[in-house]
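Bear in mind that the values in this text are calculations on the coordinates, not laboratory data. All of these numbers come straight from a predicted model, not from anything done at the bench. As a convention, Cβ positions derive from the backbone with ideal geometry for all residues, glycine included, and neighbour counts pool all protein chains shown.
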Amino acid sequence: MSRSMAPDGAAPRGPAACEVIVADITRLATDAIVNAANASLLGGGGVDGAIHRAAGPELVAHCRTLGGCLTGEARLTPGFRLPARHVIHTVGPVWRGGGADEDALLASCYRESLRLADEAGLASLAFPAISTGIYGFPPERAAPLAVGAVLDHLGRPGSVTRVVFCCFSQGSADLHHDALRAHGIPA
Ligand code: AR6
């Protein structure tokens with residue numbers, strides 16, 4: 001789904017800026033892709049491993065200079081050999097049963113990633129379903145939080161005008177579609 005906007009990018013953003021796809025995020029040529037990283041920022045399994053493999057060794061060399069990242073925060077790097085020009089690395093919460101501030105920390109990952117993208121003047125951004133793999137966050141709980149945080153952010157002015165929820169399974173995509181529909185957005 002796409003949306004129309006003023007050519008100068010100054011149009012207020014809105015829900016129509018969101019889309020849901022099933023894809024390998026490393027193949028996307030959005031201005032930035034978001035990485036579901038760990039606190040070291042030095043790579044790992046899942047989408048993190050795939051992004052580091054596709055970006056090449058320059059990415060981990062660059063990440064070594066950053067000194068890590070706290071849960072709920074985000075860091076911007078170049079995309080190196082990726083089709084995306086940038087990577088925004090964010091550290092999602094490990095699921096501990098729901099009583100360890102996991103919801104707020106997950107929402108913060110989306111918010112902080114969007115904030116960095118706006119700060120860098122980027123227009124398009126793709127998210128994986130942060131924390132819902134190795135970190136064990138229930139996907140049916142994560143999708144509405146992700147969609148809510150993104151829609152909330154898009155309600156304010158900024159450079160990002162296109163957000164892609166890049167799901168790795170149809171089940172995950174269905175959850176994001178449902179969450180968008182719950183906000184009255186046909187998806
Ligand atoms: N493209 C899009 N989504 C993907 C891809 C891909 N290529 N590969 C996996 N996913 P996970 P987490 C989906 O485990 O739960 C790493 O070791 C996956 O199906 O990658 O935040 C880090 O270093 C799931 O829906 O991230 C951390 O230690 C989603 O991406 C830890 O895993 C997130 O799954 C972070 O765990």
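Ranked by the mean number of other Cβ atoms within 10 Å of their residues, highest first, the peptides 149-160, 34-45 fall in the order 34-45, 149-160. Charge tally around THR65: other residues with Cβ under 12 Å, Lys/Arg +1 each, Asp/Glu -1 each, net +1.
Select from ALA187, ALA173, GLY68 the residue farthest towards the positive end of the dipole of the range 32-187; place +1 on Cβ of Lys and Arg, -1 on Cβ of Asp and Glu, and compute about the Cα centre. The one lying farthest along the dipole's positive direction is GLY68. Rounded to the nearest 0.05, the FRET efficiency derived from the C-beta distance between ALA182 and ARG27 at R0 = 30 Å is 0.55.
In this rough spin-label picture, where each label sits 7 Å from Cα along the Cβ direction, the GLU119-HIS62 distance is 1.6 nm. Among ARG162, ARG141, ARG115, the largest mean-square fluctuation in a Gaussian network model of the chain (Cα springs under 10 Å) belongs to ARG141.
By the scheme Lys and Arg +1, Asp and Glu -1, what is the net charge of all other residues having a beta-carbon under 10 Å from that of ALA142? Once positives and negatives cancel, what remains is -2.
Computed over the chain with a Gaussian network model linking Cα atoms closer than 10 Å, the most mobile of LEU145, LEU66, LEU76 is LEU66.
Please build a GNM for the chain, connecting alpha carbons under 10 Å apart, and tell me which residue among PRO83, PRO138, PRO128 fluctuates the most. Comparing PRO83, PRO138, PRO128 in the GNM, the peak value goes to PRO138. May I ask you to list, by number, the DSSP H helices of the chain whose Cα span along the axis is at least 24 Å and whose average Kyte-Doolittle hydropathy reaches -0.5 or more? Both cut-offs are met by 102-119.
Mind running the shape call on the range 31-127? Use the C-alpha gyration tensor, a ≥ b ≥ c as the square roots of the eigenvalues: rounded below 1.5 for a/c, prolate if a/b tops b/c, oblate otherwise. Note, shape of the range 31-127 comes out oblate.
Across the range 72-87, coupling constants 3J(HN,Hα) worked out from phi with the 6.51/-1.76/1.60 Karplus curve, θ = phi - 60°, read x, 9, 8, 9, 9, 9, x, x, 6, 7, 6, x, 6, 6, 9, 10 Hz, and Gly and Pro carry x. Note on the chain: the alpha carbon radius of gyration divided by the globular reference 2.2 N^0.38 Å gives 0.95.
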